Amino acid sequence: MYVPEGVTLPYPLQSYFRLNAQGAGQFEHTLIIVEPGADLHFIEGCSAPKYYEANLHAGAVELFVKDHAKLRYSTIENWSKNMFNLNTKRATVGADSIMEWVSGSFGSHVSYLYPTTYLQGAHSSCEFTGITFAGATQDLDTGCKVILNGADTTASVDTKSISKDGGINTFRSSIIVGRHADRARATVSCASLMLDDISRSDTIPAMDVRNGSASVGHEATIGRISDDTILYLMSRGCSESEARTMVVNGFADPVSKELPMEYAIEMNNLIKLEMEGAIG
Amino acid sequence: MRDMLERGTMSDQLLTISGLSAGTEDKPILHDISLSVGAGETHVLMGPNGAGKSTLGHVIMGDPIYQVSSGSITFDGADVTELGPDKRSLAGIFLSYQAPVEVPGVPLYSFLRTICQMRPELKTTARKFRTRVGEIAEQLDINQNFLTRELNVGFSGGEKKKIEMMQLLLLRPKLAILDETDSGLDVDALSIVSRGIEAYRQECDGALLMITHNTRILERLTVDRTHVMVRGNLVAEGPASLIDDIDAHGFARFEEALAQKAEA
């Protein structure tokens, strides 16, 4: 994908990956170059039917965002629950540019996914908004890595995870501020919602700050749905499962807001599907 | 006609609580409560702090934190003792909470739409619904931009109570239990909430069970019966004049009477 200098795409460009062969592996490679002054929103959707044999998806995504350019890369991933999803995503960003990641991970058996952004030029920014939903048999090890090398660069990472039925969510963030990144700023926030006592959620933040004028912050919260909330919604007529779905969709709302309407609806439907029968 | 006769023989009451004892797993709270509310009637439940008034409200709504050890709750001709709060809500019971919860990420307007659309009798077009919500917002002096905000998130105590009244007017329940809806409100908010209650009485002809300490909110309502609860027991029931009596003399004589009864 090549966006020439100064070109702004008025609509998101959509791609769709589907893996339709039992026991197969998919090794696609996405290369996007956004030339100076250009602007692109790229959407990647992934799904696969379930086979008896495990599948492997090992994609590579290379993104080059030049100066004064903007790229938003959105992913809604719903691989089947026996997929090994091992992805490598890298973005290199020039000066005065914006890299935005929006990532929703719902499927796969095991995921290793840590999109990485190199902010090389001054005054560039990276924003990462992500959500993962780990249900039974799922081990989703996700996160994000930002390397701030340019002066006055900023990184903002906001992730949410939902764990249920023994699902495992691990969130790893790595913020590296280089020696020359004067006044670089980074904030990482991670909110986890646990829907039962058998699931697991871990947050592993890492920070490597080599410039004294940089400011880096991290916050993590973990919570569950309170009985009072369920009672409140049920006493307005929602069934228990509707009440829980409503709360989880509300939790995911900051992420779905970042998606185009049809993808936001799709994501809410995925949550609804995941939540069905999730009482107790 | 036949339907009315049948219901008449069973009970003329909308809500009938008989011999109800309930509490949490390790603590009995309500003892042998019997109370009836007829359709369209206004009842007041009074009592000192910690008497169990809110617990009774929650038990009528079906809060699973409380277990019923004996007795029954009949609503609109059906035994609801074993039903969950959602089923009771759909049957026409409404509880306005002392501290309504905040639900992040759920816009107020879509929440209201959802809880109305799940009721066949309230199902309506998006346009009619918007009009109706607009009317109620005006009636209750609720700023339209609240409708796009997240349900109760960051709302003041008074705003939350107004939103409770808004749900009351939208859902048109047969019975509304108002658990200290008036507590902690300033004069203006109190008068708006009173307006909401009046509107509910007139527009929906609904029954009310008001749990309150504040007799001011009752001034504008015609009260049919007053119940007094002390330490989980209903110790007195009387006409509206009982409220003035309590206002003047407090709960001391009811507490003494209960103590004597316990000794005897």
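Looking for something farther than 23 Å from A:ALA136 by Cα and either of a type in the set (Lys, Arg) or more than 14 Å from chain B (Cβ to nearest Cβ) (or both) - is there at least one such residue anywhere in region A:231-239? Break it down stepwise before answering.
Within region A:231-239, the first condition is being farther than 23 Å from A:ALA136 by Cα, and the residues that meet it are A:231-238.
Okay, now just the ones that are also either of a type in the set (Lys, Arg) or more than 14 Å from chain B (Cβ to nearest Cβ) (or both), so A:236.
Scanning region A:231-239, I find at least one residue that is farther than 23 Å from A:ALA136 by Cα and either of a type in the set (Lys, Arg) or more than 14 Å from chain B (Cβ to nearest Cβ) (or both), so the answer is yes.
Within region B:179-205, restricting attention to residues that are open to solvent by less than 60 Å² (accessible area, probe 1.4 Å) and touching a Gly at 6+ places or on another chain (Cβ under 7 Å), which residue is nearest to B:GLY157 (Cα to Cα)?
Among them, the one singled out is B:LEU185.
Could you check A:GLY166 against (1) farther than 24 Å from A:LEU71 by Cβ; (2) within 14 Å of chain B (Cβ to nearest Cβ) and say which number it fails?
If we test A:GLY166 against (1) farther than 24 Å from A:LEU71 by Cβ; (2) within 14 Å of chain B (Cβ to nearest Cβ), just (2) comes out false.
Scanning for something in contact with a Leu (Cβ under 8 Å, 6 or more places away or on another chain), surrounded by fewer than 20 Cβ atoms within 10 Å (Cβ to Cβ) and closer than 30 Å to B:LEU170 by Cα, does region B:225-237 turn up at least one residue?
no
Take the residues in region A:114-127 that are outside any loop (DSSP other than H, G, I, E, B) and open to solvent by 10 Å² or more (accessible area, probe 1.4 Å), then tell me which one is nearest to A:LYS164 (Cα to Cα). Can you show your working first?
Here is the first cut: in region A:114-127, the ones outside any loop (DSSP other than H, G, I, E, B) are A:116-119, A:125-127.
Keeping just the survivors that are open to solvent by 10 Å² or more (accessible area, probe 1.4 Å) gives A:118, A:125, A:127.
Numbers: A:TYR118: 34, A:SER125: 33, A:GLU127: 27 Å.
The residue in question is A:GLU127.
If you scan region A:240-279, which residues turn out to be without any contact (Cβ under 8 Å) to a residue 12 or more places away in the chain and either more than 10 Å from chain B (Cβ to nearest Cβ) or touching a Ser or Thr at 6+ places or on another chain (Cβ under 6 Å) (or both)? Write out each step before concluding.
Keep residues of region A:240-279 that are without any contact (Cβ under 8 Å) to a residue 12 or more places away in the chain, which gives A:242, A:250, A:253, A:257, A:261-262, A:264-265, A:269, A:273.
A:MET261, A:GLU262, A:ALA264, A:ILE265, A:ASN269, A:LEU273 - these are the residues of region A:240-279 that are without any contact (Cβ under 8 Å) to a residue 12 or more places away in the chain and either more than 10 Å from chain B (Cβ to nearest Cβ) or touching a Ser or Thr at 6+ places or on another chain (Cβ under 6 Å) (or both).
Which helices (runs of 4 or more DSSP H) does region B:61-147 wholly contain that include 2 or more residues that are in contact (Cβ under 8 Å) with a residue 60 or more places away in the chain and open to solvent by less than 20 Å² (accessible area, probe 1.4 Å)? Full working, then the answer.
Details: elements: B:85-91, B:108-117, B:126-139.
Where helices (runs of 4 or more DSSP H) fall fully within region B:61-147, none carries at least 2 residues being in contact (Cβ under 8 Å) with a residue 60 or more places away in the chain and open to solvent by less than 20 Å² (accessible area, probe 1.4 Å).
Looking at A:GLY107, A:GLY166, A:GLY150, which one is in a loop (DSSP other than H, G, I, E, B), open to solvent by 10 Å² or more (accessible area, probe 1.4 Å) and not charged (D, E, K, R)? Explain how you work it out, then say what you get.
Working: A:GLY107 fails: open to solvent by 10 Å² or more (accessible area, probe 1.4 Å); A:GLY150 fails: open to solvent by 10 Å² or more (accessible area, probe 1.4 Å).
Sole residue among the options that is in a loop (DSSP other than H, G, I, E, B), open to solvent by 10 Å² or more (accessible area, probe 1.4 Å) and not charged (D, E, K, R): A:GLY166.
Does region A:128-147 hold any residues that are open to solvent by 40 Å² or more (accessible area, probe 1.4 Å) and either acidic (Asp, Glu) or over 13 Å from the mean Cα position of the chain (by Cα) (or both), and which are they? Steps first, please.
The first filter runs over region A:128-147 and keeps only residues open to solvent by 40 Å² or more (accessible area, probe 1.4 Å), leaving A:136-137, A:139, A:145.
If the condition is that a residue be open to solvent by 40 Å² or more (accessible area, probe 1.4 Å) and either acidic (Asp, Glu) or over 13 Å from the mean Cα position of the chain (by Cα) (or both), then A:ALA136, A:THR137, A:ASP139 are the ones that fit.
For region A:230-238, state whether one or more residues are among the hydrophobic types (A, V, I, L, M, F, W, C) and farther than 19 Å from B:TYR66 by Cα. Before the answer, list the steps.
First pass over region A:230-238, keeping only residues among the hydrophobic types (A, V, I, L, M, F, W, C): A:230-231, A:233-234, A:238.
Narrowing further to those that are farther than 19 Å from B:TYR66 by Cα: A:238.
So far as region A:230-238 goes, yes, one or more of its residues are among the hydrophobic types (A, V, I, L, M, F, W, C) and farther than 19 Å from B:TYR66 by Cα.
With respect to the numbered conditions (1) of a type outside the set (S, T, N, Q); (2) under 30 Å from B:GLY232 (Cβ atoms); (3) in contact with a helix residue (DSSP H, G or I) (Cβ under 6 Å, 6 or more places away or on another chain), which one is the sole condition not fulfilled by B:MET166?
(2)
Out of all the residues in region A:114-159, which are among the β-branched types (Val, Ile, Thr) and free of Cβ contacts under 8 Å to residues at least 60 places away in the same chain?
Keep residues of region A:114-159 that are among the β-branched types (Val, Ile, Thr), which gives A:116-117, A:129, A:131-132, A:137, A:142, A:146-147, A:153-154, A:157, A:159.
Answer for region A:114-159, where residues must be among the β-branched types (Val, Ile, Thr) and free of Cβ contacts under 8 Å to residues at least 60 places away in the same chain: A:THR116, A:THR117, A:THR132, A:THR137, A:THR142, A:VAL146, A:ILE147, A:THR153, A:THR154, A:VAL157, A:THR159.
I'm trying to understand the selection: among the residues of region B:214-228, which are out of contact with any Pro (no Cβ under 9 Å at 6 or more places or on another chain) and either hydroxyl-bearing (Ser, Thr, Tyr) or closer than 19 Å to B:ALA51 by Cβ (or both)?
Going through region B:214-228, the residues out of contact with any Pro (no Cβ under 9 Å at 6 or more places or on another chain) turn out to be B:214-222, B:227-228.
Across region B:214-228, the qualifying residues are B:ASN214, B:THR215, B:ILE217, B:LEU218, B:THR222, B:HIS227, B:VAL228.
Before we move on, is B:GLY232 at pLDDT 90 or above and more than 21 Å from B:ILE29 (Cβ to Cβ)? Steps first, please.
Numbers: at pLDDT 90 or above: yes; more than 21 Å from B:ILE29 (Cβ to Cβ): no.
The answer is no for B:GLY232.
Considering (1) within 17 Å of B:ILE211 (Cβ to Cβ); (2) in contact (Cβ under 8 Å) with a residue 60 or more places away in the chain; (3) open to solvent by less than 20 Å² (accessible area, probe 1.4 Å), say which one B:LEU20 fails and leave the rest.
Of everything listed in (1) within 17 Å of B:ILE211 (Cβ to Cβ); (2) in contact (Cβ under 8 Å) with a residue 60 or more places away in the chain; (3) open to solvent by less than 20 Å² (accessible area, probe 1.4 Å), B:LEU20 misses just condition (2).
Going residue by residue through region B:191-210, is there one that turns out to be at pLDDT below 90 and outside any helix (DSSP H, G or I)?
yes
Given the condition open to solvent by less than 50 Å² (accessible area, probe 1.4 Å) and assigned to a helix (DSSP H, G or I), answer yes or no: does some residue in region A:215-229 qualify?
Yes, because at least one residue in region A:215-229 is open to solvent by less than 50 Å² (accessible area, probe 1.4 Å) and assigned to a helix (DSSP H, G or I).
Could you tell me which residue of region A:169-212 is modelled with the lowest pLDDT, considering only residues that are among the basic types (Lys, Arg) and either over 13 Å from A:LYS145 (Cβ atoms) or open to solvent by less than 30 Å² (accessible area, probe 1.4 Å) (or both)? Full working, then the answer.
Restricting attention to region A:169-212, the residues satisfying the condition of being among the basic types (Lys, Arg) are A:172, A:179, A:183, A:185, A:200, A:210.
Still in the list and also either over 13 Å from A:LYS145 (Cβ atoms) or open to solvent by less than 30 Å² (accessible area, probe 1.4 Å) (or both): A:179, A:183, A:185, A:200, A:210.
Numbers: A:ARG179: 97, A:ARG183: 98, A:ARG185: 98, A:ARG200: 94, A:ARG210: 97.
Going through the qualifying residues, I end up with A:ARG200.
The values are calculated or read from the model by the stated rules, or taken from the named source; none is laboratory data. Predicted model, so just to flag it, every value in this text is computed and none were measured. All Cβ positions, glycine included, derive from the backbone under ideal geometry; neighbour counts span all protein chains shown. Note: accessible area is taken over every heavy atom of the protein model, side chains too, but ligands, DNA and RNA are not part of it. Shrake-Rupley method; radii C 1.70, N 1.55, O 1.52, S 1.80 Å.
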